[in-house]
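Below: one structure, written as structure tokens.
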């Protein structure tokens, strides 16, 4: 079995050193350990983010944010899961994605009609709606229980006709015919009230 090359030993030693520094930051908030991590990784993170297409100011902001995250979340680093560099560069990648997503969302104007509350109903419209609702409730009370129960399942609970059939144990055809009969009775009742 060949012995590892000197460069492989150096890489392994560096990985272990950075993992030890992360452990010191995580357990003791060791500023010297963090300073060493910062000095090594901050410029590399900035360079990485610049290569991903960020402007210089944004790359600087991302690298600072990433290193603050390293300080705050060092306890989440697990050397068995990834190397320090992999963990830090993944944070940088995610920050960059977050910033681009935020930038891609359009700013909404306060005057945007879609976000304005709807105008209150005119008093006569509100009265008409209230009277119509009362007529529908009264007409529902006139229906046989098996029909009103099916309407309640369909329109208040939002179940499909096949879900109603499954829930009640009725054949699907029975559910459909009872709902159709209920609508015909409601229509007749409501037409008579007008």
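FYI, it's all coordinate maths here, none of it is from the lab. Worth saying up front: this structure is predicted, and the values here are computed from it rather than measured. As a convention, Cβ positions derive from the backbone with ideal geometry for all residues, glycine included, and neighbour counts pool all protein chains shown.
Pick the calculated Cα extents along the principal axes in Å for this structure from [x] 94, 53, 33; [y] 106, 35, 34; [z] 152, 48, 17? Working out Cα extents along the principal axes in Å from the coordinates points to [x]. Any idea how far the Cα center of the range 18-33 sits from the one of the range 118-133, in Å? The range 18-33 and the range 118-133 have Cα centres spaced 66 Å from each other. Each label point was placed 7 Å from the Cα along the Cα-to-Cβ direction; for residue 156 and residue 14 their separation is 6.9 nm. Once the Cβ-Cβ distance of residue 146 and residue 190 is raised to the sixth power relative to R0 = 22 Å, the FRET efficiency obtained is 0.65. Extension gain for the segment residue 56 to residue 39, taken as residue separation times 0.36 nm less the Cα-Cα distance, is 4.3 nm to one decimal.
Angle check, please: helix 56-73 long axis (alpha carbons) against the longest principal axis of the chain (alpha carbons), in degrees 0 to 90, nearest 10. With both axes taken from Cα atoms, the answer is about 90 degrees. Given a Förster distance of 35 Å, report the FRET efficiency between residue 115 and residue 27 from their Cβ-Cβ distance, rounded to the nearest 0.05. After rounding to 0.05, the efficiency reads 0.15. Using only alpha-carbon positions in the range 37-106, the gyration tensor eigenvalues give semi-axes of 21, 13, 10 Å once each is multiplied by 5 and square-rooted (largest first).
Which of rounded, prolate or oblate describes the range 87-194 when judged by the alpha-carbon gyration tensor and an a/c cut-off of 1.5? Here the range 87-194 falls in the oblate category.
To test your reading of the geometry: what angle, between 0 and 90 degrees and rounded to tens, separates the Cα axis of helix 123-142 from the longest principal axis of the chain? So the inclination is approximately 70 degrees.
Distance between the modelled labels on residue 136 and residue 72, one decimal in nanometres: 4.8 nm (7 Å Cα→Cβ projection). Return the FRET efficiency for the residue pair residue 79, residue 99: r is the Cβ-Cβ distance, R0 is 30 Å, and the value is rounded to the nearest 0.05. The value I calculate is 0.60. Its DSSP H runs of at least 4 residues, each contributing -39,500 (n - 2.57), put the calculated 222 nm mean residue ellipticity of the chain at -24500 deg cm²/dmol, to the nearest 500.
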